[in-house]
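None of the figures in this text is laboratory data; all of them are computed from the coordinates on show. Nothing here was measured: the structure is a model prediction, and the numbers come from that model. Counting neighbours? That spans all protein chains shown, and the Cβs are built from the backbone with ideal geometry, glycine included.
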Amino acid sequence: MADLVRYFGTATGTVQGVGFRMFVQQNASELGITGWVKNMDDGTVTMEVQGTQEAVDRLEEVIRQGNYFIKVQSFGLEVRDVIAMERRFDIRY
């Protein structure tokens, strides 16, 4: 099994009301990443992502790129401790 890494991330920009959480969940799941994503009251979206460094790097690229509706102004990642036995990527409310 590859070495896992985990990061806490915060995205700002046009990231609420545009399907951003589902976009992150779908791409994370396709890359084999676990964790969660959640809208915050201040208009940002926070998340924790866990997977191989390569997969997390790819997800970061996809998030920064966004799409026609999603416009990410900033996206920062901070290292967190890996959570053993995590199996899914959830949208939190």
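Taking 51, 19, 66 as the candidate residues, the one with maximal mean-square fluctuation in a Gaussian network model of the chain, Cα springs under 10 Å, is 19.
Considering only 16, 25, 65, the Gaussian network model of the chain with Cα springs below 10 Å gives its largest mean-square fluctuation to 65.
Counting Lys and Arg as +1 and Asp and Glu as -1, what is the net charge of the other residues whose Cβ lies under 10 Å from the Cβ of residue 21?
+1
In order along the range 40-51, phi translates into HN-Hα couplings of 10, 5, 7, x, 8, 10, 10, 7, 10, 10, 9, x Hz, rounded to whole numbers, per the Karplus curve 6.51 cos²θ - 1.76 cosθ + 1.60 with θ = phi - 60° and x for Gly and Pro. Taken along the Cα-to-beta-carbon direction at a fixed 7 Å, the label points for residue 84 and residue 8 span 2.2 nm.
In the range 5-84, the ratio of gyration radius to Kirkwood radius, Rg to Rh, stands at 0.93 when only Cα atoms are counted.
Karplus-derived 3J(HN,Hα) values for the range 25-39, using 6.51 cos²θ - 1.76 cosθ + 1.60 with θ = phi - 60°, are 4, 4, 5, 4, 4, 5, 8, x, 9, 10, x, 7, 9, 8, 6 Hz; glycine and proline are entered as x. In order along the range 7-24, the Karplus-derived 3J(HN,Hα) couplings, from 6.51 cos²θ - 1.76 cosθ + 1.60 at θ = phi - 60°, round to 9, 9, x, 10, 10, 10, x, 8, 10, 10, x, 10, x, 5, 4, 5, 4, 5 Hz, and Gly and Pro are given as x.
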